[in-house]
1. Assess whether M50 counts as being more than 20 Å from the chain's Cα centre (by Cα) and surrounded by 22 or more Cβ atoms within 10 Å (Cβ to Cβ).
2. Could you tell me whether any residue of the range 16-38 is in a helix (DSSP H, G or I) and either buried (at least 22 other Cβ atoms within 10 Å of the Cβ) or touching a strand residue (DSSP E or B) at 6+ places or on another chain (Cβ under 9 Å) (or both)?
3. Would you check which residues across the range 379-389 are charged (D, E, K, R) and either surrounded by 17 or more Cβ atoms within 10 Å (Cβ to Cβ) or under 19 Å from I401 (Cα atoms) (or both) and list them?
4. Find the strands (runs of 3 or more DSSP E) located wholly in the range 127-227 whose residues include 2 or more that are among the hydrophobic types (A, V, I, L, M, F, W, C) and within 16 Å of ligand 2 (Cβ to nearest atom), and list them.
5. If D326 passes every condition in (1) away from ligand 3 (no atom under 16 Å from the Cβ); (2) closer than 14 Å to V221 by Cα; (3) in a strand (DSSP E or B); (4) not polar (S, T, N, Q) but one, which one does it miss?
6. For the structure I just gave you, tell me whether S4 is modelled with pLDDT under 95 and either away from ligand 2 (no atom under 16 Å from the Cβ) or crowded, with 24+ Cβ neighbours inside 10 Å (or both).
7. Take the residues in the range 76-125 that are more than 16 Å from the chain's Cα centre (by Cα) and of a type in the set (S, T, N, Q); name whichever of them is farthest from ligand 3 (Cβ to nearest atom).
Amino acid sequence: MPTSSLAQAAAALSRRLDALSKVSDDAGATTRTFLSPAMRRANALVGGWMRESGLDVREDAVGNLIGRTQPQSAGVKTLLLGSHLDTVKDAGRFDGTLGVLLPLAALDVLRGRGLSLPFAVEVLGFSEEEGVRFSSAYLGSKGYTGRLRKSDLTLSDPEGVTVAEALKVLGFPAALPAAAHAPSDLLGYLEVHIEQGPVLEDRGLPAGVVSAIAGQTRGKVVFTGEAGHAGATPMGLRRDALAGAAEFIMEVEAYARTRTPLVATVGRIAAHPGASNVIAGSAELTLDVRHPADAPRRAALRHLLGAGRSIARRRRLGFSLAITQDNGAVACSRELSALLGESVRARQGSTLSLPSGAGHDAVIVSSLTPVAMLFVRCRRGLSHHPDEFVKKSDLKAALGIVVDFLERLAARTSA
Ligand code: HGY
Ligand code: MN
Ligand code: MN
């Protein structure tokens, strides 16, 4: 099993992040969606690295990759460290993967220092966090925490394949798994993740501690009108679903623009039949609404539901909004975050507590155990983009913080 100095482990981490980014469903881009062929290859590659670090490795019923330092035993608690291995389309190298691979490097460094931890560690590579394929995020961590519901199994992708069918194709039971652990077995969960925003770079800090994770609601919106001849149908006689969708999209943006820190996004739209000389008979779009507090997010949903209905009425269209995901805001554990803050301060001289506008698996894992998150600076805060970038020196800084955190937690647990 490798034992490394901090510098060696950070260099190896950087090489692994590069290698993993090449495991993709799209040649020339990094794309790994839930239960795709690339996801299986990524699990095989990362599972091999977990074994190199001496972990027992398994895949659970929804394809999560799980590596344990020692078998579960009475009286020995487990610390969870992890993030997700799936990606958005044409993704960067660090979103999710950093939180799965950095803990392996930290264990190698601790082994090199001859430190054996008084608790078990489980490194988690969640199979689905982004919600790209089924427009509903966190299916991996929901499976791990026993929160997967029948309604999740019936979600369908743009090709009409359901989650249950996709699981069966890969040989996973389309069951509803129970939680992997009882809360009493766990010490907590630490997720290391790129900030995906500009704050750390603006403050000149390699890392910071996440205070809370914004609540997030996602939905599918459908406008239905009547397809017709683009040349022969007078403007006043049309029921143009795409024009109605366009008016709705502008309302989504206008509403959110005047209510910072609310953010609302239509990220995908599909018009049917989708021909240049045919008036769109229907238009399907995605909606993503987030806010650090729950009440303003719910108010936004109510407003946009009303706006969609009035646009539809005025244009003689049908309108529907189906919620595909709804997660309240989550506060990180004060105790774990304070300990993490001590490590950040010890390693970089000062610390910063900041909220997360992006969603993370910690939102779901927080139902099982207290969670803490370490944010790592990324260039220009760019993410969900192939130019996502973390400097090698920041990788080393984050690794040093997590090693320090594990040493502090070990000392506190042994005391
Ligand atoms: O969309 C998000 O917040 C995250 O990247 N899954
Ligand atoms: Mn992520
Ligand atoms: Mn992401």
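The values are calculated or read from the model by the stated rules, or taken from the named source; none is laboratory data. It should be emphasised that the depicted structure is a prediction, and the values quoted were computed from it without experimental measurement. Every residue, glycine as well, gets a Cβ built from its backbone with ideal geometry; the counts of neighbours run over all protein chains shown.
1. Details: more than 20 Å from the chain's Cα centre (by Cα): yes; surrounded by 22 or more Cβ atoms within 10 Å (Cβ to Cβ): yes.
Against the criterion (more than 20 Å from the chain's Cα centre (by Cα) and surrounded by 22 or more Cβ atoms within 10 Å (Cβ to Cβ)), M50 qualifies.
2. Let us first name the residues in the range 16-38 that are in a helix (DSSP H, G or I), namely 16-21, 37-38.
Now drop any that are not either buried (at least 22 other Cβ atoms within 10 Å of the Cβ) or touching a strand residue (DSSP E or B) at 6+ places or on another chain (Cβ under 9 Å) (or both), which leaves 20.
Looking through the range 16-38, at least one residue is in a helix (DSSP H, G or I) and either buried (at least 22 other Cβ atoms within 10 Å of the Cβ) or touching a strand residue (DSSP E or B) at 6+ places or on another chain (Cβ under 9 Å) (or both).
3. Quick first cut of the range 379-389, residues charged (D, E, K, R) only: 379-380, 387-388.
Matches in the range 379-389: E388 only.
4. 186-194, 207-213
5. The number of the failed condition is (2).
6. On the way: modelled with pLDDT under 95: yes; either away from ligand 2 (no atom under 16 Å from the Cβ) or crowded, with 24+ Cβ neighbours inside 10 Å (or both): yes.
Yes, satisfied.
7. This residue is S116.
Yes/no per residue for (1) within 16 Å of ligand 1 (Cβ to nearest atom); (2) surrounded by fewer than 22 Cβ atoms within 10 Å (Cβ to Cβ); (3) among the charged types (D, E, K, R):
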| site | (1), (2), (3) |
| --- | --- |
| F172 | no, yes, no |
| A175 | no, yes, no |
| P183 | no, yes, no |
| E195 | yes, no, yes |
| R203 | no, yes, yes |
| A230 | no, yes, no |
| P234 | no, yes, no |
| G244 | no, no, no |
| E251 | no, yes, yes |
